[in-house]
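Here's the structure, in structure tokens; my notes come after.
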Amino acid sequence: MENIINEIMNKNIGDIKVSPSLSHYTTYKVGGTARLVVYPKNASCLVTLMEIINKYDVKYFILGNGSNVLFSDDLYDGIIIKLDKFDEIDFQDNIVRVGAGYSLIRLSLECAKRGLAGLEFASGIPGTVGGAVFMNAGAYNSDMKSVVKDVTVLTPDLKIITLANSEMKFNYRESFLQHHKGYICLGATLKLGFGERSALEEIIKERKLARKRTQPLEYPSAGSVFRNPKGLYAGKLIEDMNMKGYQVGGAMISTKHANFIINVGSATASDIKEIIDYVKKQAKITYNINLRVEQRLINWGDFDEKEKE
Ligand SMILES: Cc1cc2nc3c(=O)[nH]c(=O)nc-3n(C[C@H](O)[C@H](O)[C@H](O)COP(=O)(O)OP(=O)(O)OC[C@H]3O[C@@H](n4cnc5c(N)ncnc54)[C@H](O)[C@@H]3O)c2cc1C
């Protein structure tokens, strides 16, 4: 790793952090140490970084705000790439060009302020634009698919291309990026509608209150753990199994919202994973349903990145 760090520094790619705890980078506030975190300054620095990564054949992970990931407690023996510097934004009427590192909540508030409608659903989703595009984040019967015009990506062979909405293959919490390893979202163009600022801000305010009422926002979590099976709600299924309040170590199924696992103290990633596995097992026994995890499980060996289904 020393050679890699030297190259990254010599090539002036961006800030780095050596051996940080991933608990500082995830909203669950758990996870082991990573070898290195790099913050490339721009797209060309990212390309250079990827060349170094390819040359040394070291593993890497693109991390947004860490609000939908569960890293294991083990050492992540690779490089975490953070696109925080990709935070440019440009408004042309109802067309918004925004960098992958831009906060989704901030974007939603900024658009409402300008009388641009369509992103109210995103005002309580604590991710980045890149993470939201990757996950096709959504709420209130809307999602990124409804607002994205196109997405700029870095391809595995390090070319920058633009993928149209239809090419992004958006589906419920799914996108092209999840199924094509090595594609990195650099930014997106959104096409929004027009609305009245006060009405849009009112919707956002009401939804904020509703989230506070129904979600355990006072504890670290990563939002909904399981995808909703077709026509059903994962939270309701878990609640009906009387699993609210079920605890392993410092992790607990929220008593407010059964599809949230919260860190009530000093949870480990293993505590959270144990609850996930237990819920899945019980759902299979009780309903004969294979619950699918929405969150990305990273550095869990067999379960790396995407849970096997
Ligand atoms: C309190 C709370 C409420 C939530 N509510 C919702 C909700 O209502 N709806 C919803 O959909 N989600 C919700 N979430 C989950 C989460 O906020 C979203 O999935 C969000 O889009 C994740 O963005 P992120 O930047 O944090 O991504 P991360 O968690 O950092 O990463 C998620 C995945 O995206 C990939 N990724 C991130 N950036 C890029 C990039 N630039 N290029 C390629 N891949 C990338 C990562 O590699 C990873 O696989 C909630 C989470 C919390 C904590």
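No value in this document is a laboratory result; all are computed from the given coordinates. All figures in this text were calculated on a predicted structure; none of them were measured in a lab. Don't worry about glycine lacking a Cβ; one is built from the backbone with ideal geometry, like all the others, and counts go over all protein chains shown.
What's the number of the condition residue 153 fails, among (1) in a strand (DSSP E or B); (2) under 22 Å from residue 297 (Cα atoms)?
(2)
So which strands (runs of 3 or more DSSP E) are wholly in the range 229-305 and hold at least 1 residues that are closer than 19 Å to residue 217 by Cα?
Numbers: elements: 251-253, 261-263, 296-298.
Per the criteria, 251-253, 261-263.
Any residue in the range 155-172 that is surrounded by fewer than 18 Cβ atoms within 10 Å (Cβ to Cβ), more than 10 Å from the ligand (Cβ to nearest atom) and under 16 Å from the mean Cα position of the chain (by Cα)?
Checking the range 155-172: at least one residue is surrounded by fewer than 18 Cβ atoms within 10 Å (Cβ to Cβ), more than 10 Å from the ligand (Cβ to nearest atom) and under 16 Å from the mean Cα position of the chain (by Cα).
For the range 186-197, indicate whether the set of residues that are under 22 Å from residue 297 (Cβ atoms), of a type outside the set (Val, Ile, Thr) and under 18 Å from the mean Cα position of the chain (by Cα) is non-empty. Full working, then the answer.
Of the range 186-197, the ones under 22 Å from residue 297 (Cβ atoms) are none.
Within the range 186-197 (the criterion being under 22 Å from residue 297 (Cβ atoms), of a type outside the set (Val, Ile, Thr) and under 18 Å from the mean Cα position of the chain (by Cα)), the answer is no, since none of the residues qualifies.
Please go through the range 35-55 and give me each residue that is assigned to a strand (DSSP E or B) and farther than 13 Å from residue 12 by Cβ, ordered by number. Spell out how you get there, then give the answer.
Of all residues in the range 35-55, those assigned to a strand (DSSP E or B) come to 35-40.
Matches in the range 35-55: 35, 36, 37.
Residues checked against (1) within 30 Å of residue 151 (Cα to Cα); (2) buried (at least 18 other Cβ atoms within 10 Å of the Cβ); (3) not β-branched (Val, Ile, Thr):
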| residue | (1), (2), (3) |
| --- | --- |
| 176 | yes, yes, yes |
| 186 | yes, yes, yes |
| 196 | yes, no, yes |
| 255 | no, no, no |
| 258 | no, yes, yes |
| 275 | no, yes, no |
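If you check 88, 196, 201, which single one turns out to be touching a strand residue (DSSP E or B) at 6+ places or on another chain (Cβ under 8 Å) and of a type outside the set (Val, Ile, Thr)?
Details: 196 fails: touching a strand residue (DSSP E or B) at 6+ places or on another chain (Cβ under 8 Å); 201 fails: touching a strand residue (DSSP E or B) at 6+ places or on another chain (Cβ under 8 Å).
Just one listed residue meets the conditions, 88.
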